[in-house]
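The structure appears right after this line, and notes come after that.
Each value in this text was obtained by applying a stated rule to the coordinates, not by laboratory testing. Everything numeric here is computed off the predicted structure, so don't read it as measured data. Because the Cβ atoms are built from the backbone with ideal geometry, glycine has one as well, and the counts that use them run over all protein chains shown.
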Amino acid sequence: MKKIDLHMHTISTISDSYFEFSLEKLKEYVEIAELDAIAITNHDIFDLAQFNEICEALNCAVFPGIEINLDAGHLLLISENHDLEGFQLKANEVAKNVVAIGDSINVDDLIRIFGDLNNYLLIPHYEKKPSLHAETIKRLKDVISAGEVDSPKKFVRMSKDETELTPVIFSDMRFYVGMTKFPTRQTYIDCGDISLKSLKFALRDRSKVSLSKLDGNSIFQVFEDGQCLSTGLNVILGARSSGKTETLTQINNSCENVKYIPQFSLVQRDDANYEKEFNADVTRKKSIFSDKHLAPFKTVLDDVLSIDTETNKRRVADYLDTLMKSAEEAQKFDSFSKASLFNETLFDLGEHTSLNELVGSVRQLIENIEFRDIIDRYIDTNALKALARELIAILWSRAYERKKKSLVNDIIRDIKSKLQLKTSATQIKDVDLYRVMFEHKKLLKFSEIAKLLQEEKTIYQESFQGFKIVCKQRAFQGPGEIKNVSGQKVAFSDAFRDYAHPAKYLSSLKANEAFTPSEFYKYFACIEYEILNKDGFKVSGGERSEFRLLQEIKDAQNFDYLLIDEPESSFDNLFLKSEVNQMLKEISKSMPVVIVTHNSVVGASIKADYTIYTAKELEEEKIIYRRYSGHPSSRELISTDGKKINNFKVTMDSLEAGESAYMERKAGYENIKN
């Protein structure tokens, strides 16, 4: 197995924060990590003189490369170590196109510059930001050898999925003057000799790529000193003040995207504040569902938001008044008031909303990639394109007609205004009675919907590890509740007087400029959550802590690591064994989980994949903190400097207060049982 790191930086570019390159630090890293091959992959640039200097200084294979900004993602392009002058010229072409932040080249540029891409090793950012677009990867799939990830979790997941690229993990490190820590992100590859061809061949076979030399993908290095972790479930044991929590902190600081649950962080201390914090936390986490539930109502509200009832009433009244007055003055009409355009009605311009939406829907069917096969199975793409062209033609035609009507309306208004100046006759005010009535009906329907939303009922419930999350809707009981939902300091007392009449209530909200119209939909119905225990009652203080721990563990699925510090300090053994252990075992199947414990329920019953024992030892009158590790079934645990310790003894001491204490308790339990 060869150990490789094909992603490292030696030149500060516009894509980096500034650093001063140190050849000595690079050399030190290669020696400490015992690397067999590296690649120099600076952003959109290749420096031949520096590359030659690096090659002379290192005792490992060094490949020339470049990290290219390609279609807003990143691609590692690595070449054989020959014809370096030619590679320099090609890299210079990339540099000419990427001169400012945000610049990138496209696939056509890539092929134009580098020619046959089969001559290179191509590795895109895959499960790592900024990742290469799926369409770009699809175009390059025949020449891509692997995909770079940024965590062991993603590496293991991709290694198990035959539809994914072969995963690799590299340091992506800048080697600068004064750096004190070296990365532990490298990849082992079974490739025989070190050449670009052998690397490409091996990377095409995911079984030849792993996180460790001897343990495949079950173990990975986490610290520079060689300390490893399992990609599954790890427990950290040890006496008080021996470095357990410090080890957890180091993991948290060394790794990215970590979910860390510190000791006592979920324990209830102040009843009132804890309950308030708990309820706010639950509501925040479920707010997505709340917004989804209110989304249809928001659409309805937005549709009636611009309706002005008072203005409509005034327009109808003006129309009737001027109509009656005009009828009374019919005998007095002069040549100006008798003109056809004097009381002409304007064209109704209308809207093209439905036609626009229809064009958009057809366009989505044409452009959709994810479900292309299904769409093509039922609808011919050419037919869809023909439909789109015809609909667009109709849309253009109607838009043209609308523009003509608008111009005519402008002319009519101008003429009516000038005729009015020439006569004393009453001009009938223009009003669209159909539109007024239509908007009136809309408001009536809006009120019906709003009242339905205020009816008390359960809208969602979910069972979760013995708890039940219940979401209900109801009417607000007072202006204070609405104020809490709004998060504003403005009083809702005046508007709340009309709360029983949704249309009037909406008008009152609109009348207050301090309120934000885009938030109005939240002010009509109260959405609240309750957490119930297995007996159907609201959770107690201790149960709240249990629920929060389970939620935090569940939330860890969105992270790459889960760290928990002594959960037994806050929770009882039955809960830990029946609920927590089950969830931790399940989540450790997809990501590294590390638990600090001195409790046998967590430390032993959980059946971890890997054990780390921390010890504070005295050597030559100096205190030494040392970590020993190995599999739980191993006879001995071994430190990174080669020392060994009896696994049985330290496990019994850590979890059972020693073998003799364990045997005494066991005998006592037998007596009680009998």
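Summary of values
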read-out: Members of Lys200/Lys644; Lys128/Lys589; Lys404/Lys451 lying beyond 32 Å, as alpha-carbon distances in this model show; value: Lys200/Lys644; Lys404/Lys451
read-out: Structure-based [θ]222 nm, the chain - -39500 (n - 2.57) summed over DSSP H runs of at least 4, per residue, nearest 500; value: -13500 deg cm²/dmol
read-out: Segment 127-251 - share of DSSP beta bridges that are antiparallel (%, nearest 5); value: 55
read-out: For segment 425-571, convex hull volume per residue from C-alpha positions, Å³; value: 204
read-out: Counting DSSP beta bridges with both ends in the chain, the antiparallel % (nearest 5); value: 55
read-out: Per-q log10 I(q)/I(0), segment 2-221, q = 0.12 Å⁻¹ (Debye; single scatterer per alpha-carbon; no solvent); value: -0.59
read-out: Thr309-Glu462 FRET efficiency (beta carbon distance; Förster radius 51 Å; 0.05 resolution); value: 0.80
read-out: Cα gyration tensor of segment 418-510 - equivalent ellipsoid semi-axes, whole Å, descending; value: 45, 18, 11
read-out: In degrees, nearest ten, helix 309-328 long axis to first principal axis of the chain (Cα); value: 10
read-out: Two-site label geometry, Tyr669 and Gln557: point separation in nm, points 7 Å out along Cα→Cβ; value: 3.3
read-out: Part-to-part distance (alpha-carbon centres) for segment 429-449 and segment 648-674, which is given in Å; value: 80
read-out: Separation in nanometres of the label points that stand 7 Å from Cα toward Cβ, at Leu407 and Phe201; value: 7.4
read-out: Rule-of-thumb Rg ratio for segment 344-474 [Cα; 2.2 N^0.38 Å; N residues]; value: 1.82
read-out: Values of log10 I(q)/I(0), in the order q = 0.07, 0.09, 0.12 Å⁻¹, for the chain under a Debye, Cα-only, solvent-free model; value: -0.76, -1.04, -1.29
read-out: Percentage relative contact order, segment 425-563, counting C-alpha pairs under 8 Å, at least six apart; value: 24
read-out: Pair Lys141, Ile624: separation of 7 Å Cα→Cβ label points (nm); value: 5.5
read-out: Ranked Leu549, Leu301, criterion: other C-beta atoms within 10 Å, fewest first; value: Leu301, Leu549
read-out: Fraction of antiparallel bridges per DSSP, segment 2-221 only, in percent to nearest 5; value: 45
read-out: The chain, relative contact order in percent, only Cα pairs under 8 angstrom and at least six apart counted; value: 14
read-out: Gained length - Asn92 relative to Asp321, 0.36 nm times residue gap less alpha-carbon distance; value: 74.5 nm
read-out: Proxy reagent accessibility, fewest Cβ within 10 Å first, across Tyr120, Tyr529, Tyr18; value: Tyr18, Tyr529, Tyr120
read-out: Fewest-first ranking of Arg204, Arg139, Arg548, using other Cβ atoms within 10 Å as the exposure measure; value: Arg204, Arg139, Arg548
read-out: Estimated FRET transfer efficiency (Asn81, His631; beta-carbon r; R0 41 Å; 0.05); value: 0.55
